[in-house]
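Report on one structure; see the data block that follows.
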Amino acid sequence: MSDEDEFREFAASRQKQLLRSAYLLCGNWHSAEDLVQTAFGQMFRSWRRVRRVEYPDAYAKQVLYRCHLTANRKKRFATVPIESVPDLAAPGAGFGAGFDDGSVAVLTEALARLPDRARAVVVLRFWDDYSVAQTADALGISQGTVKSQTARALALLRTRIGDSLNDIRQD
Amino acid sequence: MTEQDTERVKALFDQADLDDVPTTRDLIGPAVAWGHGRRRRDRWTAVGVTGAVAAVAVAGVVALRPGADGAAPVGPGSSMSAPQASPSIQRELTTLRPFLPAGYSLTCQNTEGAFCEMFVLTGPTGGTSLMQWSAGVDLPPPAGPTTLVDAVHIHKATALLPVGAGARTFANGSMAISAYDVEARNMASAAAHDLTDPAEIVYNQVAYTFTPKGSTRTYGISMSELVKELPWKNGKSEFPDDHARLGYNPDGPVLSPEQFDQMASAPGLRAALDQVVIWGNQR
(Lines give C-alpha, C1' and ligand atoms only; values in the text may rest on other atoms or scores of the structure.)
Protein backbone atom coordinates (compact mmCIF):
# COMPACT_ATOMS: atom_id res chain seq x y z
CA MET A 1 0.00 0.00 0.00
CA SER A 2 1.49 3.35 -1.00
CA ASP A 3 1.72 6.11 1.55
CA GLU A 4 -1.02 8.00 -0.28
CA ASP A 5 -3.39 5.04 -0.05
CA GLU A 6 -2.49 4.64 3.59
CA PHE A 7 -3.17 8.30 4.26
CA ARG A 8 -6.48 8.21 2.39
CA GLU A 9 -7.58 5.27 4.50
CA PHE A 10 -6.57 7.02 7.71
CA ALA A 11 -8.25 10.29 6.70
CA ALA A 12 -11.49 8.60 5.66
CA SER A 13 -11.75 6.80 8.97
CA ARG A 14 -11.19 9.97 11.02
CA GLN A 15 -13.02 12.49 8.89
CA LYS A 16 -16.33 12.53 10.78
CA GLN A 17 -14.68 12.70 14.15
CA LEU A 18 -12.52 15.64 13.06
CA LEU A 19 -15.48 17.35 11.41
CA ARG A 20 -17.40 17.33 14.68
CA SER A 21 -14.58 19.04 16.53
CA ALA A 22 -14.08 21.43 13.61
CA TYR A 23 -17.79 22.26 13.66
CA LEU A 24 -17.59 23.28 17.30
CA LEU A 25 -14.56 25.41 16.55
CA CYS A 26 -15.99 27.07 13.44
CA GLY A 27 -19.72 27.01 14.05
CA ASN A 28 -20.77 25.94 10.58
CA TRP A 29 -20.14 22.94 8.39
CA HIS A 30 -18.63 24.81 5.45
CA SER A 31 -15.85 26.31 7.53
CA ALA A 32 -15.47 23.00 9.36
CA GLU A 33 -14.89 21.22 6.06
CA ASP A 34 -12.34 23.85 5.05
CA LEU A 35 -10.54 23.40 8.35
CA VAL A 36 -10.48 19.60 8.12
CA GLN A 37 -9.26 19.76 4.54
CA THR A 38 -6.46 22.12 5.55
CA ALA A 39 -5.50 19.80 8.39
CA PHE A 40 -5.51 16.79 6.05
CA GLY A 41 -3.25 18.69 3.64
CA GLN A 42 -0.77 19.47 6.40
CA MET A 43 -0.85 15.89 7.60
CA PHE A 44 -0.28 14.43 4.17
CA ARG A 45 2.60 16.83 3.63
CA SER A 46 4.51 15.09 6.39
CA TRP A 47 2.68 11.75 6.33
CA ARG A 48 5.87 9.72 6.05
CA ARG A 49 6.77 10.89 9.52
CA VAL A 50 3.23 11.20 10.89
CA ARG A 51 2.43 7.56 10.24
CA ARG A 52 5.21 6.57 12.58
CA VAL A 53 3.92 8.55 15.55
CA GLU A 54 2.50 6.55 18.40
CA TYR A 55 -0.92 8.20 18.51
CA PRO A 56 -1.89 9.41 15.05
CA ASP A 57 -5.39 10.34 16.26
CA ALA A 58 -3.99 12.74 18.81
CA TYR A 59 -1.64 14.12 16.20
CA ALA A 60 -4.54 14.69 13.81
CA LYS A 61 -6.43 16.60 16.49
CA GLN A 62 -3.36 18.65 17.25
CA VAL A 63 -2.97 19.60 13.60
CA LEU A 64 -6.66 20.48 13.37
CA TYR A 65 -6.62 22.79 16.38
CA ARG A 66 -3.38 24.45 15.40
CA CYS A 67 -4.66 24.99 11.85
CA HIS A 68 -7.74 26.64 13.37
CA LEU A 69 -5.69 29.02 15.47
CA THR A 70 -3.30 29.79 12.62
CA ALA A 71 -6.14 30.44 10.19
CA ASN A 72 -7.79 32.82 12.61
CA ARG A 73 -4.55 34.66 13.22
CA LYS A 74 -4.16 35.15 9.47
CA LYS A 75 -7.79 36.23 9.17
CA ARG A 76 -7.22 38.98 11.70
CA PHE A 77 -4.41 40.42 9.62
CA ALA A 78 -6.51 40.17 6.48
CA THR A 79 -9.52 41.91 8.01
CA VAL A 80 -10.52 45.13 6.28
CA PRO A 81 -12.34 47.56 8.54
CA ILE A 82 -15.76 48.63 7.29
CA GLU A 83 -18.20 51.13 8.66
CA SER A 84 -20.87 48.78 9.91
CA VAL A 85 -21.47 45.08 10.26
CA PRO A 86 -24.91 43.52 10.00
CA ASP A 87 -26.03 42.03 13.29
CA LEU A 88 -27.45 38.85 11.84
CA ALA A 89 -25.48 36.18 10.06
CA ALA A 90 -26.69 35.03 6.68
CA PRO A 91 -28.98 32.00 6.84
CA GLY A 92 -27.00 28.80 6.94
CA ALA A 93 -23.69 30.56 7.48
CA GLY A 94 -23.63 31.40 11.16
CA PHE A 95 -22.67 29.52 14.26
CA GLY A 96 -24.96 26.63 14.93
CA ALA A 97 -26.25 26.63 11.38
CA GLY A 98 -27.40 23.29 10.08
CA PHE A 99 -28.84 21.99 13.32
CA ASP A 100 -32.35 22.17 14.70
CA ASP A 101 -31.17 20.70 17.96
CA GLY A 102 -31.51 23.45 20.56
CA SER A 103 -28.58 22.29 22.64
CA VAL A 104 -26.23 22.48 19.66
CA ALA A 105 -27.43 25.96 18.82
CA VAL A 106 -26.94 27.12 22.40
CA LEU A 107 -23.53 25.55 22.57
CA THR A 108 -22.22 26.88 19.27
CA GLU A 109 -23.65 30.32 19.92
CA ALA A 110 -21.89 30.43 23.27
CA LEU A 111 -18.63 29.13 21.81
CA ALA A 112 -18.78 31.75 19.05
CA ARG A 113 -18.44 34.48 21.66
CA LEU A 114 -15.27 33.05 23.12
CA PRO A 115 -11.83 34.12 21.93
CA ASP A 116 -10.24 31.64 19.50
CA ARG A 117 -7.80 30.08 21.90
CA ALA A 118 -10.29 29.88 24.75
CA ARG A 119 -12.74 28.17 22.38
CA ALA A 120 -10.09 25.68 21.34
CA VAL A 121 -9.28 24.98 24.98
CA VAL A 122 -12.93 24.46 25.91
CA VAL A 123 -13.65 22.17 22.96
CA LEU A 124 -10.56 20.09 23.65
CA ARG A 125 -11.29 19.85 27.36
CA PHE A 126 -15.03 19.23 27.26
CA TRP A 127 -15.74 17.76 23.83
CA ASP A 128 -12.61 15.71 23.24
CA ASP A 129 -12.17 14.99 26.95
CA TYR A 130 -8.52 15.99 26.95
CA SER A 131 -6.74 16.50 30.25
CA VAL A 132 -5.06 19.81 31.06
CA ALA A 133 -1.69 18.33 30.11
CA GLN A 134 -2.98 16.88 26.84
CA THR A 135 -4.65 20.16 25.94
CA ALA A 136 -1.47 22.08 26.66
CA ASP A 137 0.47 19.66 24.50
CA ALA A 138 -2.01 19.84 21.63
CA LEU A 139 -2.07 23.62 21.52
CA GLY A 140 1.58 24.16 22.34
CA ILE A 141 0.85 26.26 25.43
CA SER A 142 1.62 25.82 29.13
CA GLN A 143 -0.66 23.96 31.50
CA GLY A 144 -1.10 27.17 33.49
CA THR A 145 -2.40 28.90 30.38
CA VAL A 146 -4.84 26.05 29.78
CA LYS A 147 -6.16 26.40 33.33
CA SER A 148 -6.51 30.17 33.16
CA GLN A 149 -8.09 30.04 29.69
CA THR A 150 -10.53 27.39 30.89
CA ALA A 151 -11.51 29.43 33.95
CA ARG A 152 -12.05 32.58 31.89
CA ALA A 153 -13.97 30.71 29.21
CA LEU A 154 -16.23 29.05 31.74
CA ALA A 155 -16.86 32.38 33.45
CA LEU A 156 -17.83 33.88 30.09
CA LEU A 157 -20.09 30.94 29.37
CA ARG A 158 -21.64 31.38 32.78
CA THR A 159 -22.57 34.98 32.06
CA ARG A 160 -23.80 34.25 28.55
CA ILE A 161 -25.65 30.99 28.84
CA GLY A 162 -26.29 30.87 32.55
CA ASP A 163 -29.95 30.03 32.00
CA SER A 164 -29.12 27.07 29.83
CA LEU A 165 -26.66 25.84 32.42
CA ASN A 166 -29.31 26.20 35.08
CA ASP A 167 -31.67 24.18 32.89
CA ILE A 168 -29.12 21.45 32.80
CA ARG A 169 -28.92 21.58 36.58
CA GLN A 170 -32.68 21.03 36.70
CA ASP A 171 -32.33 17.95 34.47
CA MET B 1 -17.29 29.11 38.26
CA THR B 2 -17.85 26.15 40.47
CA GLU B 3 -17.01 22.51 39.93
CA GLN B 4 -20.72 22.00 39.48
CA ASP B 5 -20.79 24.52 36.63
CA THR B 6 -17.89 22.73 34.99
CA GLU B 7 -19.92 19.54 35.09
CA ARG B 8 -22.86 21.38 33.57
CA VAL B 9 -20.71 22.61 30.65
CA LYS B 10 -19.57 19.05 30.15
CA ALA B 11 -23.20 17.96 30.18
CA LEU B 12 -24.00 20.65 27.61
CA PHE B 13 -21.36 19.20 25.31
CA ASP B 14 -22.65 15.71 25.97
CA GLN B 15 -26.17 16.75 25.03
CA ALA B 16 -25.08 18.24 21.73
CA ASP B 17 -26.12 15.77 19.07
CA LEU B 18 -23.50 15.93 16.34
CA ASP B 19 -24.02 12.44 15.00
CA ASP B 20 -25.34 13.63 11.66
CA VAL B 21 -22.20 14.90 9.97
CA PRO B 22 -22.91 16.19 6.49
CA THR B 23 -20.13 15.93 3.92
CA THR B 24 -20.74 18.13 0.92
CA ARG B 25 -17.47 17.57 -0.90
CA ASP B 26 -14.36 15.45 -1.12
CA LEU B 27 -11.97 16.69 1.56
CA ILE B 28 -9.20 14.17 1.11
CA GLY B 29 -8.44 14.38 -2.62
CA PRO B 30 -7.70 18.13 -2.69
CA ALA B 31 -5.73 17.81 0.55
CA VAL B 32 -3.57 15.08 -0.99
CA ALA B 33 -2.99 17.16 -4.12
CA TRP B 34 -1.99 20.15 -2.00
CA GLY B 35 0.24 17.96 0.15
CA HIS B 36 2.05 16.61 -2.91
CA GLY B 37 2.77 20.14 -4.07
CA ARG B 38 4.03 21.19 -0.67
CA ARG B 39 6.33 18.17 -0.46
CA ARG B 40 8.02 19.27 -3.66
CA ARG B 41 8.40 22.83 -2.51
CA ASP B 42 9.68 21.65 0.87
CA ARG B 43 12.57 19.89 -0.78
CA TRP B 44 13.86 23.07 -2.37
CA THR B 45 13.02 25.26 0.58
CA ALA B 46 15.09 22.97 2.75
CA VAL B 47 18.04 23.51 0.50
CA GLY B 48 17.45 27.22 0.68
CA VAL B 49 17.26 27.93 -3.03
CA THR B 50 16.07 31.50 -3.34
CA GLY B 51 15.19 34.18 -5.80
CA ALA B 52 14.83 33.42 -9.45
CA VAL B 53 15.69 29.77 -9.11
CA ALA B 54 13.22 29.24 -6.29
CA ALA B 55 10.45 30.62 -8.44
CA VAL B 56 10.76 27.72 -10.81
CA ALA B 57 12.72 25.11 -8.93
CA VAL B 58 9.93 23.09 -7.39
CA ALA B 59 11.73 19.82 -7.09
CA GLY B 60 9.75 16.64 -6.82
CA VAL B 61 10.07 13.45 -4.92
CA VAL B 62 7.72 11.21 -6.75
CA ALA B 63 7.54 7.51 -7.27
CA LEU B 64 7.33 7.51 -11.02
CA ARG B 65 9.60 5.86 -13.48
CA PRO B 66 10.12 7.67 -16.74
CA GLY B 67 8.96 5.79 -19.76
CA ALA B 68 10.34 5.72 -23.23
CA ASP B 69 7.55 7.84 -24.63
CA GLY B 70 8.40 10.80 -22.50
CA ALA B 71 5.59 10.28 -20.04
CA ALA B 72 5.99 8.39 -16.81
CA PRO B 73 4.01 5.27 -16.09
CA VAL B 74 3.38 4.45 -12.46
CA GLY B 75 6.28 2.64 -10.86
CA PRO B 76 6.26 0.25 -7.92
CA GLY B 77 5.31 2.00 -4.70
CA SER B 78 4.15 5.02 -6.61
CA SER B 79 2.37 7.65 -4.60
CA MET B 80 1.42 9.87 -7.49
CA SER B 81 -0.94 9.57 -10.34
CA ALA B 82 0.87 9.02 -13.59
CA PRO B 83 1.19 12.04 -15.82
CA GLN B 84 -0.50 11.60 -19.13
CA ALA B 85 1.54 11.81 -22.30
CA SER B 86 -0.46 14.90 -23.10
CA PRO B 87 0.14 16.84 -26.29
CA SER B 88 1.50 19.72 -24.20
CA ILE B 89 4.14 17.50 -22.58
CA GLN B 90 5.09 16.04 -25.92
CA ARG B 91 5.37 19.58 -27.26
CA GLU B 92 7.71 20.57 -24.42
CA LEU B 93 9.91 17.53 -24.97
CA THR B 94 9.98 17.93 -28.74
CA THR B 95 10.96 21.57 -28.33
CA LEU B 96 13.86 20.89 -25.98
CA ARG B 97 15.29 17.56 -27.15
CA PRO B 98 17.08 18.92 -30.24
CA PHE B 99 19.29 21.10 -28.04
CA LEU B 100 20.63 18.27 -25.88
CA PRO B 101 24.22 17.10 -26.33
CA ALA B 102 24.70 13.84 -28.23
CA GLY B 103 23.82 10.75 -26.22
CA TYR B 104 21.48 12.54 -23.82
CA SER B 105 17.76 11.96 -23.53
CA LEU B 106 14.96 13.92 -21.91
CA THR B 107 11.76 12.52 -20.45
CA CYS B 108 9.02 13.80 -18.21
CA GLN B 109 8.90 12.34 -14.72
CA ASN B 110 5.90 14.07 -13.29
CA THR B 111 3.34 16.73 -13.90
CA GLU B 112 0.60 18.27 -11.82
CA GLY B 113 -1.19 19.78 -14.74
CA ALA B 114 -1.06 19.57 -18.49
CA PHE B 115 2.64 20.44 -18.50
CA CYS B 116 5.73 18.70 -17.24
CA GLU B 117 6.63 19.60 -13.67
CA MET B 118 9.85 17.63 -13.50
CA PHE B 119 12.06 16.43 -16.33
CA VAL B 120 14.55 13.61 -16.21
CA LEU B 121 17.79 14.10 -18.10
CA THR B 122 19.68 10.89 -18.81
CA GLY B 123 23.36 11.04 -19.71
CA PRO B 124 25.28 8.75 -22.07
CA THR B 125 26.41 6.54 -19.17
CA GLY B 126 22.88 6.05 -17.87
CA GLY B 127 23.12 8.52 -14.97
CA THR B 128 20.02 10.62 -14.40
CA SER B 129 19.29 14.05 -12.96
CA LEU B 130 15.90 15.51 -12.16
CA MET B 131 15.74 18.77 -14.01
CA GLN B 132 13.81 21.98 -14.31
CA TRP B 133 14.25 24.91 -16.69
CA SER B 134 13.97 28.58 -16.00
CA ALA B 135 13.95 31.80 -17.97
CA GLY B 136 13.37 35.34 -16.87
CA VAL B 137 13.97 39.01 -17.49
CA ASP B 138 16.26 41.15 -15.38
CA LEU B 139 16.71 38.39 -12.89
CA PRO B 140 19.96 38.65 -10.98
CA PRO B 141 22.02 35.48 -10.76
CA PRO B 142 21.07 33.50 -7.68
CA ALA B 143 23.17 34.77 -4.79
CA GLY B 144 22.49 31.61 -2.86
CA PRO B 145 20.73 31.32 0.43
CA THR B 146 21.83 33.41 3.37
CA THR B 147 21.17 30.53 5.73
CA LEU B 148 21.05 26.81 5.19
CA VAL B 149 19.48 24.14 7.28
CA ASP B 150 22.22 22.22 9.07
CA ALA B 151 21.85 19.16 6.86
CA VAL B 152 22.61 21.09 3.68
CA HIS B 153 25.99 22.47 2.68
CA ILE B 154 27.28 24.64 -0.12
CA HIS B 155 29.21 22.32 -2.41
CA LYS B 156 32.80 23.03 -3.29
CA ALA B 157 34.30 21.28 -6.29
CA THR B 158 35.88 17.90 -5.58
CA ALA B 159 37.41 15.28 -7.83
CA LEU B 160 34.29 13.16 -7.50
CA LEU B 161 31.78 16.00 -7.87
CA PRO B 162 33.57 18.64 -9.91
CA VAL B 163 30.78 21.22 -10.19
CA GLY B 164 31.15 23.65 -7.30
CA ALA B 165 29.35 26.86 -6.44
CA GLY B 166 30.73 29.98 -8.07
CA ALA B 167 30.71 31.92 -11.30
CA ARG B 168 32.13 31.13 -14.73
CA THR B 169 32.71 33.34 -17.73
CA PHE B 170 32.22 31.98 -21.21
CA ALA B 171 32.64 33.48 -24.63
CA ASN B 172 28.94 34.20 -24.97
CA GLY B 173 28.06 35.18 -21.43
CA SER B 174 28.45 34.43 -17.77
CA MET B 175 27.09 31.65 -15.62
CA ALA B 176 26.25 31.70 -11.95
CA ILE B 177 26.39 28.28 -10.34
CA SER B 178 24.80 27.35 -7.07
CA ALA B 179 25.61 23.90 -5.75
CA TYR B 180 24.58 22.10 -2.59
CA ASP B 181 25.25 18.85 -0.81
CA VAL B 182 22.43 17.28 1.15
CA GLU B 183 22.84 14.87 4.04
CA ALA B 184 20.82 11.65 4.13
CA ARG B 185 18.76 12.78 7.12
CA ASN B 186 17.36 15.67 5.09
CA MET B 187 15.90 13.39 2.46
CA ALA B 188 12.14 13.34 2.71
CA SER B 189 11.97 9.58 2.40
CA ALA B 190 14.38 8.90 5.25
CA ALA B 191 14.24 9.41 9.00
CA ALA B 192 17.53 9.66 10.86
CA HIS B 193 16.83 6.62 13.01
CA ASP B 194 16.49 4.50 9.87
CA LEU B 195 20.00 5.36 8.67
CA THR B 196 23.42 4.09 9.66
CA ASP B 197 25.02 7.47 8.96
CA PRO B 198 22.40 10.23 8.82
CA ALA B 199 25.07 12.87 8.08
CA GLU B 200 26.40 11.14 4.98
CA ILE B 201 26.22 13.30 1.86
CA VAL B 202 23.98 11.47 -0.55
CA TYR B 203 22.32 14.13 -2.68
CA ASN B 204 23.58 16.93 -4.87
CA GLN B 205 21.72 19.89 -6.35
CA VAL B 206 23.02 22.47 -8.78
CA ALA B 207 21.52 25.37 -10.69
CA TYR B 208 23.18 26.99 -13.69
CA THR B 209 21.98 30.48 -14.55
CA PHE B 210 23.32 31.77 -17.84
CA THR B 211 23.24 35.47 -18.74
CA PRO B 212 24.16 36.17 -22.36
CA LYS B 213 26.57 39.04 -22.98
CA GLY B 214 24.80 42.40 -23.24
CA SER B 215 21.45 40.93 -22.19
CA THR B 216 19.33 41.21 -19.10
CA ARG B 217 17.62 37.90 -19.70
CA THR B 218 18.73 34.80 -17.86
CA TYR B 219 18.32 31.16 -18.78
CA GLY B 220 18.81 28.42 -16.32
CA ILE B 221 18.47 24.81 -15.39
CA SER B 222 18.51 23.12 -12.04
CA MET B 223 19.50 19.49 -11.56
CA SER B 224 19.43 17.20 -8.58
CA GLU B 225 20.26 13.55 -8.05
CA LEU B 226 21.42 10.98 -5.55
CA VAL B 227 25.19 10.61 -5.67
CA LYS B 228 25.24 7.71 -3.22
CA GLU B 229 22.75 5.18 -2.01
CA LEU B 230 20.96 6.19 1.16
CA PRO B 231 22.60 4.31 4.08
CA TRP B 232 19.54 2.40 5.26
CA LYS B 233 20.08 0.40 8.44
CA ASN B 234 18.29 -2.61 7.08
CA GLY B 235 20.41 -2.51 3.93
CA LYS B 236 17.66 -1.60 1.52
CA SER B 237 15.36 1.29 0.88
CA GLU B 238 11.71 1.28 1.87
CA PHE B 239 11.19 2.69 -1.60
CA PRO B 240 12.44 0.34 -4.29
CA ASP B 241 12.65 3.07 -6.89
CA ASP B 242 14.93 5.64 -5.23
CA HIS B 243 16.90 6.11 -8.43
CA ALA B 244 13.79 6.81 -10.48
CA ARG B 245 12.29 9.08 -7.83
CA LEU B 246 15.38 11.11 -7.08
CA GLY B 247 17.71 10.63 -10.03
CA TYR B 248 21.01 8.88 -9.60
CA ASN B 249 24.48 9.72 -10.85
CA PRO B 250 27.62 9.23 -8.75
CA ASP B 251 29.34 12.01 -10.71
CA GLY B 252 26.70 14.61 -9.80
CA PRO B 253 24.76 16.62 -12.40
CA VAL B 254 24.70 14.86 -15.74
CA LEU B 255 25.17 18.14 -17.59
CA SER B 256 28.33 20.18 -17.01
CA PRO B 257 28.46 24.00 -17.06
CA GLU B 258 30.41 23.81 -20.32
CA GLN B 259 27.71 21.70 -21.91
CA PHE B 260 25.00 24.08 -20.77
CA ASP B 261 27.02 27.01 -22.13
CA GLN B 262 27.13 25.25 -25.50
CA MET B 263 23.39 24.64 -25.34
CA ALA B 264 22.67 28.22 -24.29
CA SER B 265 24.81 29.51 -27.14
CA ALA B 266 23.03 27.41 -29.74
CA PRO B 267 20.64 29.38 -31.91
CA GLY B 268 17.09 28.85 -30.82
CA LEU B 269 17.54 27.42 -27.33
CA ARG B 270 16.77 30.67 -25.59
CA ALA B 271 13.56 31.10 -27.55
CA ALA B 272 12.70 27.46 -26.86
CA LEU B 273 13.29 27.88 -23.12
CA ASP B 274 11.22 31.05 -23.06
CA GLN B 275 8.44 29.13 -24.71
CA VAL B 276 8.61 26.12 -22.40
CA VAL B 277 8.66 28.28 -19.29
CA ILE B 278 5.64 30.23 -20.56
CA TRP B 279 3.84 26.95 -21.22
CA GLY B 280 4.83 25.70 -17.80
CA ASN B 281 3.45 28.83 -16.17
CA GLN B 282 0.06 27.94 -17.60
CA ARG B 283 -0.26 24.95 -15.28
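The values are calculated or read from the model by the stated rules, or taken from the named source; none is laboratory data. On a predicted model such as this, the values are computed, not experimentally measured, just so you know. Backbone-built Cβ (ideal geometry, glycine too); neighbour counts: all protein chains shown. Only protein heavy atoms, including side chains, enter the accessible area calculation; ligands, DNA and RNA are left aside. Shrake-Rupley method; radii C 1.70, N 1.55, O 1.52, S 1.80 Å.
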Given the conditions (1) in contact with a Ser or Thr (Cβ under 9 Å, 6 or more places away or on another chain); (2) more than 30 Å from B:ASP261 (Cα to Cα), report the number of the one that B:ASP150 does not fulfil. (1)
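I'm checking my understanding of the structure. Among residues of the stretch A:46-55 that are facing chain B (nearest Cβ under 8 Å) and open to solvent by 70 Å² or more (accessible area, probe 1.4 Å), which one is nearest to A:ALA71 (Cα to Cα)?
Pass one, the stretch A:46-55, residues facing chain B (nearest Cβ under 8 Å): A:47-49, A:52.
Still in the running and open to solvent by 70 Å² or more (accessible area, probe 1.4 Å): A:49, A:52.
On the way: A:ARG49: 23, A:ARG52: 27 Å.
That would be A:ARG49.
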Within the stretch A:1-13, count every residue that is surrounded by fewer than 19 Cβ atoms within 10 Å (Cβ to Cβ) and either of a type in the set (Gly, Ala, Ser) or more than 10 Å from chain B (Cβ to nearest Cβ) (or both). 3
Name the single residue that is surrounded by the fewest Cβ atoms within 10 Å (Cβ to Cβ) among those in the stretch B:16-31 being under 11 Å from A:TRP29 (Cα atoms) and of a type in the set (Val, Ile, Thr). B:THR24
Would a scan of the stretch A:127-142 turn up a residue that is β-branched (Val, Ile, Thr), modelled with pLDDT under 55 and in a helix (DSSP H, G or I)? no
For the stretch A:14-28, indicate whether the set of residues that are at the interface with chain B (Cβ under 7 Å from one of its Cβ atoms), farther than 20 Å from A:ASP129 by Cα and open to solvent by 20 Å² or more (accessible area, probe 1.4 Å) is non-empty. no
What pairs come out if I take residues in the stretch B:6-26 that are within 7 Å of chain A (Cβ to nearest Cβ) and pair them with residues that are open to solvent by 70 Å² or more (accessible area, probe 1.4 Å) and among the basic types (Lys, Arg) whose C-beta lies under 7 Å away, six or more apart or interchain? B:ARG8/A:ARG169; B:VAL21/A:LYS16
Within 23 Å of the chain's Cα centre (by Cα), open to solvent by less than 70 Å² (accessible area, probe 1.4 Å) and closer than 30 Å to A:ASP3 by Cβ: does that describe B:ALA199? yes
